[in-house]
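To start, the structure itself, in structure tokens.
The values are calculated or read from the model by the stated rules, or taken from the named source; none is laboratory data. Just so you know, these numbers come straight off a predicted model, no measurement behind them. Backbone-built Cβ (ideal geometry, glycine too); neighbour counts: all protein chains shown. Note: accessible area is taken over every heavy atom of the protein model, side chains too, but ligands, DNA and RNA are not part of it. Shrake-Rupley method; radii C 1.70, N 1.55, O 1.52, S 1.80 Å.
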Amino acid sequence: MEDELEDRVLHQTYISFVKIFSRLTNSVAFDTPVSYLWKMVRLYLLRSEVLVFTLGIVIFFMYLQTIGLWSRTLLSRLSQAMSPISAVQRMKLLEGSEADKQSWELKGSLSAAYAIKGRRMHMEDKFIINENINNTGISLFAIFDGHGGEFAANYAKDHLIQNLYNKVVELCAFKEGKTVSTPQKDSPEEPKKEEINVSVERKTSFKKSVSTADDTSKKEITDPDLLAQLSKARPIITREVRPVKPVKNVAVPLSSYVDKGKINYGKLLTDEVLAADRLLVEAAKRSMNVAGTTALIAVLEGNHLIVANVGDSRGVMCDSRGNAIPVSFDHKPQQVREQKRIEAAGGYIAFNGVWRVAGILATSRAMGDYPLKDKKFVIADPDILTFNLDDHKPMFLVLASDGLWDTFTNEEAVKFIKERLDEPDFGAKSLTLQAYYRGSVDNITVLVINFLNNQLSISAQ
């Protein structure tokens with residue numbers, strides 16, 4: 001009762017105040033438009049509900065200003081949404097963020113690479129530029145496109161490339177009649193130490209690798225979506241790890257890789273890829289990590305180019321007439337050869353957006369992927385192609401992950417780079433960003449090797 005009486009008193013006080021104020025204003029005569037304006041204000045704006053609403057609006061905007069949303073967040077988002085900025089420009093704006101790195105680039109004397117995370121949450125692509133290994137005149141380039149996490153791609157980058165580096169140095173010394181040995185790992189837990197008779201100087205070669213931030217490069221990451229798919233797949237696929245004996249790679253004599261004074265890179269690449277894959281699978285089983293990776297490796301010695309491919313990363317060469325010459329071929333489950341091999345092993349392929357091995361993996365060959373590797377549905381055997389550069393007199397070579405080839409054909413990529421070969425990075429950055437602009441939803445990595453650069457000799461030796 002007292003509350004109701006108090007409310008009535010306050011209401012009557014307010015009404016009395018408004019009436020007194022109105023009488024005072026009416027007692028003054030205004031024969032000007034101001035008098036008319038004041039009457040409109042008094043009749044429509046000085047109403048109790050209008051004043052209360054206005055007060056609420058003022059308090060709301062004061063609150064927004066206090067917490068900084070209005071000035072720093074809301075307006076900035078509205079301006080970005082309404083501004084006519086292109087997808088490529090947005091990607092360039094993201095490049096400067098060190099807290100959330102979006103792009104990686106590297107420039108050598110005859111090659112350049114550029115990679116972006118793109119529209120993916122994580123960066124799983126890795127690339128290697130290793131020019132003139134230990135002053136041997138041999139260059140090594142590689143791209144690894146990881147899936148299900150970056151564990152497998154990191155493992156291949158760290159172990160496979162290092163083993164190839166060591167073997168190249170050993171074989172070059174072996175051809176010259178010198179004795180050289182480098183530390184090798186028979187298994188992940190049992191490193192085998194040997195004396196090094198010839199020192200390996202690495203500062204004289206351009207050896208660089210690029211991956212995601214260093215603090216995450218050693219983490220073992222599993223993909224929950226992929227694990228869920230494995231659980232739902234047919235009973236023949238399992239994530240259970242059976243007890244296995246530690247893998248020990250059998251030492252292969254260096255003489256088996258040398259034929260008539262020349263290194264047999266086909267055999268070397270095949271042996272090293274398979275050896276690294278065996279160790280990778282063993283390491284993945286211990287951590288229940290189902291990650292895998294493609295591998296595209298190019299070795300350049302004199303006038304010879306040797307390309308090893310596992311998976312669906314791809315290389316394309318531009319010859320002297322501007323023609324696109326593929327230097328690798330994708331491994332897809334729907335290919336007749338791959339489908340027959342998978343079915344012979346007791347597996348199957350299923351369409352899930354694209355054709356996939358057991359409805360899971362979109363490439364039929366990869367390193368890692370131990371649940372599919374155990375059943376031999378997926379293998380790591382590389383295809384090897386060798387080219388005599390004197391026959392083609394190439395202008396450049398493009399190595400790229402499938403993030404590029406999802407939006408570019410071989411001919412389109414060659415034409416695009418040919419028009420931009422004079423750029424500092426030989427067009428690698430432009431091609432990568434153009435693939436993003438065209439709508440690629442994957443990580444994108446492009447590596448360009450420029451043969452027109454006089455620093456590279458392709459004459460017969």
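Working only within segment 260-289, note down all residues that are charged (D, E, K, R) and at positive phi. Give the derivation first.
Taking segment 260-289 first, the residues charged (D, E, K, R) are 260, 262, 267, 271-272, 277-278, 282, 285-286.
Within segment 260-289, Lys260 is the sole residue that qualifies.
Grab the strands (runs of 3 or more DSSP E) fully contained in segment 316-369, keeping just those with 2 or more residues being farther than 30 Å from Arg420 by Cβ. First the steps, then the outcome.
Details: elements: 324-326, 349-352, 354-357.
Where strands (runs of 3 or more DSSP E) fall fully within segment 316-369 and carry at least 2 residues being farther than 30 Å from Arg420 by Cβ, they are 349-352, 354-357.
Looking only at segment 414-436, how many residues end up being farther than 22 Å from Gly146 by Cα and not in a loop (DSSP other than H, G, I, E, B)? If you could, list the steps in order and put the result at the bottom.
Of all residues in segment 414-436, those farther than 22 Å from Gly146 by Cα come to 414-427, 430.
Restricting the remaining residues to those that are not in a loop (DSSP other than H, G, I, E, B) gives 414-418, 430.
Residues in segment 414-436 being farther than 22 Å from Gly146 by Cα and not in a loop (DSSP other than H, G, I, E, B): 6 in total.
Regarding segment 437-453, can at least one residue be identified that is in contact (Cβ under 8 Å) with a residue 40 or more places away in the chain and part of a helix (DSSP H, G or I)?
For segment 437-453, residues in contact (Cβ under 8 Å) with a residue 40 or more places away in the chain and part of a helix (DSSP H, G or I): present.
One line per residue, one yes/no per condition, for (1) on the phi < 0 side of the Ramachandran plot; (2) among the aromatic types (Phe, Trp, Tyr):
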{"position": "Gly359", "(1), (2)": "no, no"}
{"position": "Ile379", "(1), (2)": "yes, no"}
{"position": "Phe387", "(1), (2)": "yes, yes"}
{"position": "Ala400", "(1), (2)": "yes, no"}
{"position": "Leu421", "(1), (2)": "yes, no"}
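How many residues are more than 22 Å from Val398 (Cα to Cα), part of a helix (DSSP H, G or I) and open to solvent by less than 10 Å² (accessible area, probe 1.4 Å) when one looks only at segment 140-153? Please lay out each step first, then the result.
Taking segment 140-153 and keeping what is more than 22 Å from Val398 (Cα to Cα), we get 148-152.
Adding the requirement that they be part of a helix (DSSP H, G or I) leaves 151-152.
Pick out the ones that are also open to solvent by less than 10 Å² (accessible area, probe 1.4 Å) and you get 152.
The total comes to 1.
If you go through segment 331-352 one residue at a time, how many are acidic (Asp, Glu) and touching a strand residue (DSSP E or B) at 6+ places or on another chain (Cβ under 6 Å)? Steps first, answer last, please.
Looking only at segment 331-352, we keep the residues that are acidic (Asp, Glu), and these are 338, 343.
With touching a strand residue (DSSP E or B) at 6+ places or on another chain (Cβ under 6 Å) added as a condition, the list becomes none.
Within segment 331-352, residues that are acidic (Asp, Glu) and touching a strand residue (DSSP E or B) at 6+ places or on another chain (Cβ under 6 Å) number 0.
Do the conditions hold for Ala345, that is, is it farther than 21 Å from Gly148 by Cβ and open to solvent by 10 Å² or more (accessible area, probe 1.4 Å)?
Considered against the rule, which asks whether it is farther than 21 Å from Gly148 by Cβ and open to solvent by 10 Å² or more (accessible area, probe 1.4 Å), Ala345 comes out as no.
Take segment 383-413 and flag every residue that is within 17 Å of the chain's Cα centre (by Cα), assigned to a helix (DSSP H, G or I) and not aliphatic (A, V, I, L, M).
Answer for segment 383-413, where residues must be within 17 Å of the chain's Cα centre (by Cα), assigned to a helix (DSSP H, G or I) and not aliphatic (A, V, I, L, M): Asp402, Gly403, Trp405.
Might you let me know whether segment 440-451 holds any residue that is under 27 Å from Gly146 (Cβ atoms), open to solvent by 30 Å² or more (accessible area, probe 1.4 Å) and either of a type in the set (Asp, Glu) or in contact with a strand residue (DSSP E or B) (Cβ under 8 Å, 6 or more places away or on another chain) (or both)?
Scanning segment 440-451 turns up no residue that is under 27 Å from Gly146 (Cβ atoms), open to solvent by 30 Å² or more (accessible area, probe 1.4 Å) and either of a type in the set (Asp, Glu) or in contact with a strand residue (DSSP E or B) (Cβ under 8 Å, 6 or more places away or on another chain) (or both).
Which pairs have Cβ atoms under 6 Å, sit 6 or more apart or on different chains, and link a residue in segment 124-139 that is under 24 Å from Thr293 (Cα atoms) and assigned to a loop (DSSP other than H, G, I, E, B) to one that is among the hydrophobic types (A, V, I, L, M, F, W, C) and at pLDDT 95 or above?
If the second residue must be among the hydrophobic types (A, V, I, L, M, F, W, C) and at pLDDT 95 or above, the pairs left are Glu124/Ala153.
Give me a count of the residues in segment 268-294 that are in contact with a Phe, Trp or Tyr (Cβ under 6 Å, 6 or more places away or on another chain) and closer than 21 Å to Val169 by Cβ. Even if it seems obvious, please write down each step before you answer.
Filtering segment 268-294 down to residues in contact with a Phe, Trp or Tyr (Cβ under 6 Å, 6 or more places away or on another chain) leaves 268, 280-281, 284-285, 289, 291, 293.
Adding the requirement that they be closer than 21 Å to Val169 by Cβ leaves 268.
Total satisfying the criteria: 1.
Would you check which residues across segment 361-402 are closer than 19 Å to Val273 by Cα and β-branched (Val, Ile, Thr) and list them?
Of everything in segment 361-402, those that are closer than 19 Å to Val273 by Cα and β-branched (Val, Ile, Thr) turn out to be Thr363, Val378, Ile379, Ile384, Thr386.
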